[in-house]
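Beneath this line is the structure, given in structure tokens, with notes to follow.
The values are calculated or read from the model by the stated rules, or taken from the named source; none is laboratory data. Predicted, not measured: the structure shown is a model, and the values here were computed from it. Note that we place each Cβ from the backbone using ideal geometry, even for glycine, and neighbour counts take in every protein chain shown. To get the accessible areas, we keep the full protein, side chains included, count just its heavy atoms, and leave off ligands, DNA and RNA. Shrake-Rupley method; radii C 1.70, N 1.55, O 1.52, S 1.80 Å.
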Amino acid sequence: MIHPIRVLLVEDSPVVLVVLKRLLATAADIEVVGTACNGQEALERLPALQPDVICVDYHMPVMDGLTFTQRVMSQFPRPILVISTSVHPQQNEHNIFRLLEAGAVDIFPKLKVGTDQDYESFRQVLISKIRVLAGVKVFTRHSLKTSTNNQRTTILTPAVKQINQPLEGIAPPVKAIAIGASTGGPQALHTLLTQLPDNLALPIFCVQHISEGFLQGLVNWLAAECRLPVKIAQAGALPLPGVIYFAPERAHLEFGRQGQFLCTASAPVDGHCPSVTVMLRSAAQHYGNGLIGILLTGMGRDGASGMQDVALAGGRTIAQDEQSSVVFGMPKEAIALGAVKHVLPIDAMPTVLAKMLSKSSKTRSGFE
């Protein structure tokens, strides 16, 4: 017999709690085993409830979502989904991403009660996210530290053979780095991008699958933590060296003949818009063997065929390993295609990038 997914809801609004319980009751494989109006109450109930997934708000009295997440990950590790209002400049979106930094797995905009927002769409996405989180295993890790010295969590899935290829001797000049990520990506991107030097002489392009409304918050958070500027790509602009660019919401990131950004709101590819595969494929066409493609943690297969295009163009390919991935879906799919030359833990990538760039002829790496 398959047991339902046990969910704990931590939310201080009685109205929101009622709505969430009503929506989740429509899924036969999900059971709300308890609710709490703040983090302290939820911590006290955790040992008895033993939920498979926790859904938590950020702003709560007594103990907020951030402190709660930190305590859960050190005492009762569980997959955590942050359900919060959409990020706006006047709100402290930095705290939302501190929740991810502390170990929360995913974020999701809170349903605006009393509005015309599509309840059915919200219900489907919420249930899908809970099912994804329930399918992974969490445990605390002490080797990866956040900027606030919180413990980081890692989530494991079935193992595949790790690939460690020797680095080339003299290699073609590196002209750009392209990175794709999904579930768990904000944490992985933070680990990687904050280690890059401020004199890196090439552009970096990123596609991160994230709930609508949270991209600007992600960019603001990373910009405050990184030594390189972080921006959302603007259609028609030419990428500048030493800048980290993110694909805009609801648009694929591609490159024109002169290298300018093309941001096209076309059909999803591999289920996503923006798509990692679309960005990698276009970057491979423009930068050829001067591209480094990196595929990080994520559910699904987006980016796998794009990594294959990078490899066929002569570019260098790196995928995040299983042990440091939140979900080993996207990297695993790319590895299965034979598109990945180096499979590495996330905290080893900056060092490997430094070596690749130092071996790249006529390339000023910025790592020296």
TODO: Being aliphatic (A, V, I, L, M) and without any contact (Cβ under 8 Å) to a residue 60 or more places away in the chain narrows it down to one of Ala283, Ala311, so name that one.
DONE: Ala311
Open item on the list: As an exercise: evaluate Gly300 against (1) surrounded by 22 or more Cβ atoms within 10 Å (Cβ to Cβ); (2) within 22 Å of the chain's Cα centre (by Cα); (3) small (Gly, Ala, Ser) and give the number of the one condition it does not meet.
Closed with: (1)
Open item on the list: Kindly evaluate Glu333 against the criterion of being in contact with a Phe, Trp or Tyr (Cβ under 8 Å, 6 or more places away or on another chain) and surrounded by fewer than 24 Cβ atoms within 10 Å (Cβ to Cβ).
Closed with: no
TODO: Kindly list the number of the only condition in (1) open to solvent by less than 10 Å² (accessible area, probe 1.4 Å); (2) modelled with pLDDT of 95 or more; (3) touching a Ser or Thr at 6+ places or on another chain (Cβ under 8 Å) that fails for Leu228.
DONE: (3)
- [ ] Looking only at the stretch 118-131, count how many residues are open to solvent by 40 Å² or more (accessible area, probe 1.4 Å) and either of a type in the set (Lys, Arg) or out of contact with any helix residue (DSSP H, G or I) (no Cβ under 9 Å at 6 or more places or on another chain) (or both).
- [x] 8
- [ ] Could you identify the single residue in Gln208, Gln234, Gln260, Gln195 that is open to solvent by 10 Å² or more (accessible area, probe 1.4 Å), in contact (Cβ under 8 Å) with a residue 60 or more places away in the chain and not aromatic (Phe, Trp, Tyr)?
- [x] Gln195
Task: Matching option when the condition is touching a His at 6+ places or on another chain (Cβ under 8 Å), crowded, with 17+ Cβ neighbours inside 10 Å, in contact (Cβ under 8 Å) with a residue 12 or more places away in the chain and within 27 Å of Pro350 (Cα to Cα), among Phe255, Phe246 - done: Phe255
Task: Test for Gly293: is it touching a residue at least 60 places away in the same chain (Cβ under 8 Å), surrounded by fewer than 21 Cβ atoms within 10 Å (Cβ to Cβ) and not charged (D, E, K, R) - done: no
- [ ] Provide a single number: the residues in the stretch 319-353 that are under 15 Å from the mean Cα position of the chain (by Cα) and of a type in the set (S, T, N, Q).
- [x] 3
- [ ] Consider Gly303 carefully, then state whether it is more than 17 Å from Cys206 (Cβ to Cβ) and not basic (Lys, Arg).
- [x] no
Open item on the list: Against the conditions (1) among the small types (Gly, Ala, Ser); (2) farther than 16 Å from Leu253 by Cα; (3) open to solvent by less than 10 Å² (accessible area, probe 1.4 Å); (4) assigned to a helix (DSSP H, G or I), where does Ala319 fall short? Just the number, please.
Closed with: (4)
Open item on the list: Report every pair of residues separated by at least 6 positions or lying on different chains whose Cβ atoms are under 9 Å apart, first residue within the stretch 1-24 and free of Cβ contacts under 8 Å to residues at least 40 places away in the same chain, second of a type in the set (Ser, Thr, Tyr).
Closed with: Leu17/Thr35; Lys21/Thr35
